[in-house]
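Sharing a structure, written as structure tokens. Questions coming.
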Amino acid sequence: MSKTHRAVVERQFGRTVEAFARLAVRDTPEVVAEKVQFMRPQAGDVALDVACGAGTLVLELAARVRWACGLDVTREMLEQARRFQAARGLANVGFERGEAGQLPYRDQAFDLVVCQCSLHHMSHPERAVKEMIRVLQPAGRLTIIDTLAPEQDAKFELFNRIEIARDPSHAATLRWTTFRRMFDEFGLGVVDEQIRRRERRFHHWMLRAGHDRGSRRYEQTRRLLEASIPGDRAGLSPRREGDDFVITHYEGMFLLQKKPAGR
Ligand SMILES: C[S@@+](CC[C@H](N)C(=O)[O-])C[C@H]1O[C@@H](n2cnc3c(N)ncnc32)[C@H](O)[C@@H]1O
């Protein structure tokens, strides 16, 4: 990640940690439980959550594995994650500051590696995925969860323009075909794949990025979203509800394993 983009990510998540982790949480406890289940954690696993944010997922995962690590580039997120850890009295989790594209771990150190809703903040997501593969045991499991962008070029561009208007640390949400091509190229087999439709309230989504009604980014993003309604030009399927909108994200969950050499 370039120094400039890293600074944008750290600024964004440093200032929104409260909104992101406490006030406008993204997933219900049921959704978090579903995701943990999807990863097939084993009691003896040593697990890593890359770009763990405030630790929601890794703390849930910790209850099911031997040891779990959360890594993130934003100091404030890690501080929040440690507070959540203390509140839950979990002793088998460690948090570390670091960069997904250059993981500070030895080869094959983990049985389970996860990365949720973070690749779209990285200007070189493929470098982070390569690193996740490097630190994964040969028979280990890698779970990638992220929003999927529309396949069609014009919709893909507007979708990402709206995301960037909302959050300048957004690099690009990838398409399902891009994920699948990357997995193939990197020798990863898809063990399981689920695509979930997640409805989000626009206002809540904006609060999570640190913007309330009346702020420049809030209004600019809202204008772009409203303009996309005819023909659903950004693929977000916005639907008016009173003074708010409901938008739809498609979230891809991929459970991956390294293919044996030569296959
Ligand atoms: C949208 S949050 C998701 C956090 C968490 N995975 C979750 O699902 O709640 C994105 C996180 O990615 C982190 N991040 C972005 N780029 C990163 C990078 N290159 N290396 C490490 N962390 C990164 C940010 O600091 C932020 O905490």
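Considering only residues that are farther than 20 Å from Glu251 by Cβ and away from the ligand (no atom under 13 Å from the Cβ), look in region 19-46 and name the one that is nearest to the chain's Cα centre (by Cα).
The residue in question is Leu23.
How many residues are among the aromatic types (Phe, Trp, Tyr) and in a loop (DSSP other than H, G, I, E, B) when one looks only at region 177-236? Please lay out each step first, then the result.
First, pick out the residues of region 177-236 that are among the aromatic types (Phe, Trp, Tyr): 179, 183, 186, 202, 205, 218.
Okay, now just the ones that are also in a loop (DSSP other than H, G, I, E, B), so 186.
Residues meeting the conditions: 1.
Shifting gears a bit: From Phe95, Phe159, which residue is aromatic (Phe, Trp, Tyr), assigned to a helix (DSSP H, G or I) and more than 11 Å from the ligand (Cβ to nearest atom)? Talk me through it step by step, then tell me what you get.
Details: Phe95 fails: assigned to a helix (DSSP H, G or I).
That would be Phe159, the only listed residue that is aromatic (Phe, Trp, Tyr), assigned to a helix (DSSP H, G or I) and more than 11 Å from the ligand (Cβ to nearest atom).
Might you check whether a residue that is of a type outside the set (Asp, Glu) and over 25 Å from Tyr250 (Cα atoms) occurs anywhere in region 52-61?
No, region 52-61 contains no residue that is of a type outside the set (Asp, Glu) and over 25 Å from Tyr250 (Cα atoms).
Tally time: how many residues in region 68-92 are within 11 Å of the ligand (Cβ to nearest atom) and small (Gly, Ala, Ser)?
Selection size over region 68-92: 2.
Right, another one. For region 98-119, give me the residue count where each residue is near the ligand (Cβ under 9 Å from one of its atoms) and part of a strand (DSSP E or B).
Counting residues in region 98-119 that are near the ligand (Cβ under 9 Å from one of its atoms) and part of a strand (DSSP E or B) gives 5.
Can you tell me which residue within region 48-67, out of those that are in a strand (DSSP E or B) and within 13 Å of the ligand (Cβ to nearest atom), is farthest from Val93 (Cα to Cα)?
Kept after step one, since they are in a strand (DSSP E or B), are these residues of region 48-67: 48-50, 67.
Remaining after also requiring within 13 Å of the ligand (Cβ to nearest atom): 48-50.
Numbers: Leu48: 10, Asp49: 11, Val50: 13 Å.
Only one residue tops the list, namely Val50.
List every residue pair whose Cβ atoms sit under 9 Å apart, with the two residues 6 or more apart in sequence or on different chains, where the first one lies in region 69-89 and is part of a helix (DSSP H, G or I) and the second, anywhere, is surrounded by fewer than 22 Cβ atoms within 10 Å (Cβ to Cβ) and β-branched (Val, Ile, Thr).
Pairs that qualify, where the first residue is part of a helix (DSSP H, G or I) and the partner is surrounded by fewer than 22 Cβ atoms within 10 Å (Cβ to Cβ) and β-branched (Val, Ile, Thr), are Glu76/Val17; Met77/Val17; Glu79/Val17; Gln80/Val17.
Another one. Among the residues of region 96-116, count how many are under 17 Å from Phe183 (Cα atoms) and surrounded by fewer than 22 Cβ atoms within 10 Å (Cβ to Cβ).
Qualifying residue count for the region: 1.
Scan region 164-201 for residues that are of a type outside the set (Ser, Thr, Tyr) and within 20 Å of Glu18 (Cβ to Cβ) and jot them down.
Answer for region 164-201, where residues must be of a type outside the set (Ser, Thr, Tyr) and within 20 Å of Glu18 (Cβ to Cβ): Arg166, Asp167, Pro168, His170, Arg200, Arg201.
Any read-out appearing in this document is the output of simple, stated calculations on the displayed coordinates, not a laboratory observation. Please read these numbers as outputs of a predicted model, since none were measured by experiment. For neighbour counting, all protein chains shown are included, and Cβ atoms are generated from backbone atoms with ideal geometry for every residue, glycine included.
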